[in-house]
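A.B. asks: Below are the structure tokens for one structure; questions will follow.
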Amino acid sequence: FTQRISSQIEQGFEEVNLSCYGMEDEHAEECASLLEGDHCRIKAVTMFDNSLHSRAATRLARALVSNSTLQALSLAENSISASGFISMATVLVQSNVSLQWLDFTDNPIFGSSAVDSTVDSTEVLGHLGLLVSRSCGLQFLGLANTGLGEEECSVLSEAFSANTGSITMIGLSRNAIGDRGATILSRGIERNTILHSLTLTENGIGEEGTAAIARCVKSREQSGSPLRCVWMSGNKADSSLFYGCMVDAGFSIAGILLAMKMYC
């Protein structure tokens, strides 16, 4: 494993794909050590679908402090829990790192899906808020299927209301957001001018939540900082309801057509 990565670094590779590679924590630690090397020019590392835990995420987070080239890191479909998320969030908030794209999709971090009994839920919620409101340089955050619910939506809403940070795209699909969570989230996003892409597919969102998101989209358009993309397919409300909510919100025909395209 080490020889393979070392060879790619020596050859000047900018992307390393380690997806479905059977990686365990010790392999990620080896990769982190190589990322800290003076000759590393790698810009993107994908570790999708391995057997990584919080130990791996914590070590990779430390490597980001001294690495000046890595821009994208995918840790999707692993077993990283709250402590690993906290380690990564802490580094991204406190250090000047180059990372712009971070994907935690399909990891048991929040709520009922969390498996980390060593971390208090208040602590992980606090770091979620800090990551969204104070990270400098991070543009995409993937949190699909990580156990997000109403409580996490309240934290996200408050963080987006601050209108600070740098996140322009956030993925929240396949969680348990529901109508109430979507309504809470929409209030914070409505006050934000930085976020432009939002994914809420398969979250059990019905008529109430759909209407709240539609009002948010309309308000952002009127304020001159429109949301470019909002994905909401696979929820309780079908596309016709989303269309109706957009009409009720006073959306233009062109805007409705764009929103329908985004919805699907």
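A.B. asks: Need one number: nm distance between label points at SER98 and LYS236, each 7 Å from Cα along Cα→Cβ, rounded to one decimal.
C.D. replies: The modelled label-to-label distance comes out at 4.7 nm.
A.B. asks: Continuing with this model, one more query. Between MET169, LEU156, SER186, whose Cα lies farthest towards the positive end of the dipole of the range 142-211 when Lys and Arg beta carbons carry +1 and Asp and Glu beta carbons carry -1, centred on the Cα centre?
C.D. replies: Looking along the dipole axis, the top candidate is MET169.
A.B. asks: Another question about this same structure. Given points 7 Å out from each Cα along the Cα-Cβ axis, report the SER79 to PHE13 separation in nanometres with one decimal.
C.D. replies: Placing both labels 7 Å beyond Cα along the Cβ direction yields 2.6 nm.
A.B. asks: Right, something else. Need the C-alpha centroid separation for the range 42-112 versus the range 207-229, integer Å.
C.D. replies: 30 Å
A.B. asks: Further question on the same structure: Could you run the Karplus curve 6.51 cos²θ - 1.76 cosθ + 1.60 with θ = phi - 60° over the range 211-221 and give me ³J(HN,Hα) per residue in whole Hz, x for Gly and Pro?
C.D. replies: Result, ordered by residue: 5, 5, 5, 4, 4, 4, 4, 5, 4, 5, 5 Hz.
A.B. asks: Starting from the Cα-Cα distance between SER51 and CYS20, subtract it from 0.36 nm times their residue separation and give me the gain in nm to one decimal.
C.D. replies: Working: separation 31, 0.36 × 31 = 11.16 nm, distance 0.91 nm.
Full extension from SER51 to CYS20 adds 10.3 nm.
A.B. asks: Let me ask something else about it. Please give the charge dipole size of the range 15-106, origin at the Cα centre, charges +1 on K and R Cβ atoms and -1 on D and E Cβ atoms. Round to the nearest 20 debye. Don't jump to the answer; show the numbers that get you there.
C.D. replies: On the way: 5 positive and 12 negative charges, 72 e Å.
Dipole about the Cα centre, nearest 20: 340 debye.
A.B. asks: How far is helix 25-35 tilted off the main Cα axis of the chain, in degrees rounded to 10, range 0 to 90?
C.D. replies: With rounding to tens, the tilt is 80 degrees.
A.B. asks: Cα axis of helix 178-190 to longest principal axis of the chain: angle in degrees, 0 to 90, nearest 10?
C.D. replies: 90 degrees
A.B. asks: So, with +1 on the Cβ of K and R and -1 on the Cβ of D and E, and no other charges, what is the size of the charge dipole of the range 38-154 about its Cα centre, to the nearest 20 debye? The partial results should precede the final answer.
C.D. replies: Working: 6 positive and 11 negative charges, 122 e Å.
Dipole size: approximately 580 debye.
A.B. asks: Using Cα springs under 10 Å in a Gaussian network model of the chain, which residue among GLY126, GLY178, GLY224 shows the largest mean-square fluctuation?
C.D. replies: Ranking GLY126, GLY178, GLY224 by mean-square fluctuation puts GLY224 first.
A.B. asks: Counting heavy atoms of the protein chains only and a 1.4 Å probe, report the per residue accessible area for the chain as a whole number of Å².
C.D. replies: On the way: 11390 Å² over 264 residues.
Normalised by residue count, the accessible surface of the chain is 43 Å².
A.B. asks: Okay, next question. Please list, in order, the residues from the range 68-86 whose amide nitrogen is less than 20 Å from a point placed 7 Å along the Cα→Cβ vector of HIS39.
C.D. replies: 68-70
A.B. asks: Hey, another quick one. GNM on the chain, C-alpha springs below 10 Å: top fluctuator among GLY209, GLY188, GLY37?
C.D. replies: Result: GLY37 has the largest fluctuation of those listed.
A.B. asks: Right, next: Where the only charges are on Cβ atoms (+1 Lys, Arg; -1 Asp, Glu), what is the dipole of the range 107-171 about its Cα centre, to the nearest 20 debye? Before the final figure, lay out the partial values.
C.D. replies: Details: 1 positive and 7 negative charges, 60 e Å.
Magnitude of the dipole: close to 280 debye.
A.B. asks: While we're here: Could you tell me how many degrees, from 0 to 90 and to the nearest 10, lie between the Cα long axis of helix 253-263 and the main elongation axis, the longest principal axis, of the Cα atoms of the chain?
C.D. replies: In the chain, helix 253-263 runs at an angle near 40 degrees to the longest axis.
A.B. asks: Also, quick follow-up: Rounded to the nearest 500, what is the chain's calculated 222 nm mean residue ellipticity when only DSSP H runs of at least 4 contribute -39500 (n - 2.57) each, over all residues?
C.D. replies: Values: 10 runs with 123 residues, N = 264.
My calculation for the chain gives -14500 deg cm²/dmol from helical runs alone.
A.B. asks: Something else: Just to verify a number: FRET efficiency for SER161 and THR69, C-beta to C-beta distance, R0 = 45 Å, to 0.05?
C.D. replies: On the way: r = 33 Å, r/R0 = 0.74.
For SER161 and THR69, the calculated efficiency is 0.85.
A.B. asks: Computing the accessible area with a 1.4 Å probe over protein heavy atoms, can you report the carbon and sulfur percentage for the chain? Intermediate results must be reported in sequence, preceding the final value.
C.D. replies: Numbers: 5460 of 11390 Å².
Of all accessible area on the chain, carbon and sulfur atoms account for 48 percent.
A.B. asks: Would you calculate the separation in nanometres between label points at CYS136 and GLN222, each defined as 7 Å from the Cα along the Cα-to-beta-carbon direction?
C.D. replies: According to this spin-label approximation, the distance is 3.6 nm.
The values are calculated or read from the model by the stated rules, or taken from the named source; none is laboratory data. None of these values were measured; they are calculated from a predicted model. Note that we place each Cβ from the backbone using ideal geometry, even for glycine, and neighbour counts take in every protein chain shown. All accessible areas refer to the heavy atoms of the entire protein, side chains included, with ligands and DNA or RNA removed. Shrake-Rupley method; radii C 1.70, N 1.55, O 1.52, S 1.80 Å.
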